[in-house]
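These notes concern the structure reproduced below.
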Amino acid sequence: MEVIHERCAGLDVHKETVVACLRVRERGQVTREVRRWATTTAQLLELGDWLRQAGCTHVAMEATGIYWKPVWHILEGEFELILANPAHIRNVPGRKSDVNDATWIADLLAHGLIRASLVPPGPIQELRDLTQAADARNRAAQAAHPEGTRRRQCEVGFSGVGCVRRERAKDAQSDQRRPN
């Protein structure tokens with residue numbers, strides 16, 4: 001199969017570690033070097049230095065949860081980054097390990113077989129983070145006061161027309177009570 005990226009890396013990202021496989025093709029020979037990094041800022045900066053010193057041009061990682069975000073932000077701008085949907089890069093069944101996953105991602109990337117997921121620009125990411133935080137806060141408030149939540153759900157559970165009629169009836173009563 002044709003090699004698209006001569007010097008690339010595959011990352012298997014977890015909460016506390018990143019396993020990186022650097023894949024280099026020189027004079028027809030492929031060499032792979034695998035290293036494990038902590039997800040601290042200092043360690044991720046070292047990962048970036050290691051990839052840069054090796055002449056890596058492209059880096060691919062799986063989009064698992066939110067763990068990819070710090071890695072992405074530190075490597076962004078230095079490499080061509082590709083965020084892959086885990087369903088699209090599933091490995092063949094067998095023994096699964098972080099090293100095997102990172103190697104598999106690097107091999108797929110080298111041959112141009114990873115379709116990139118959309119990573120929105122920074123301002124859009126910040127807006128999404130804010131709305132997700134607001135949603136989490138609302139869920140927590142609803143969990144703290146389940147009676148009010150149930151009551152609201154029941155009100156909405158009846159036909160929408162009934163709810164509108166009740167509101168209109170209340171508005172009409174308040175209009176009648178107002179002095180002209």
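The values are calculated or read from the model by the stated rules, or taken from the named source; none is laboratory data. Just so we're clear, the structure is a prediction, and the values are computed from it rather than from any experiment. With ideal geometry, Cβ positions are generated from the backbone for all residues, glycine too; neighbour counts draw on all protein chains shown.
At a glance:
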{"quantity": "Pick from segment 76-91, criterion assigned to a loop (DSSP other than H, G, I, E, B) and under 18 Å from residue 64 (Cα atoms), ranking: modelled with the lowest pLDDT", "calculated": "91"}
{"quantity": "All positions within segment 31-65 that are assigned to a strand (DSSP E or B) and acidic (Asp, Glu)", "calculated": "33, 62"}
{"quantity": "Matching residues in segment 9-30 - criterion: being charged (D, E, K, R), more than 15 Å from residue 97 (Cα to Cα) and in a strand (DSSP E or B)", "calculated": "23, 25, 26"}
{"quantity": "Looking only at segment 66-75, and only at residues there that are of a type outside the set (A, V, I, L, M, F, W, C) and in a helix (DSSP H, G or I), the one that is farthest from residue 102 (Cα to Cα)", "calculated": "73"}
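Residue-wise test of (1) buried (at least 20 other Cβ atoms within 10 Å of the Cβ); (2) free of Cβ contacts under 8 Å to residues at least 60 places away in the same chain; (3) within 20 Å of the chain's Cα centre (by Cα); (4) over 23 Å from residue 33 (Cβ atoms).
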| site | (1), (2), (3), (4) |
| --- | --- |
| 59 | yes, yes, yes, no |
| 67 | no, yes, yes, no |
| 74 | no, yes, yes, no |
| 78 | no, yes, yes, no |
| 84 | yes, yes, yes, no |
| 90 | no, yes, yes, yes |
| 98 | no, no, yes, no |
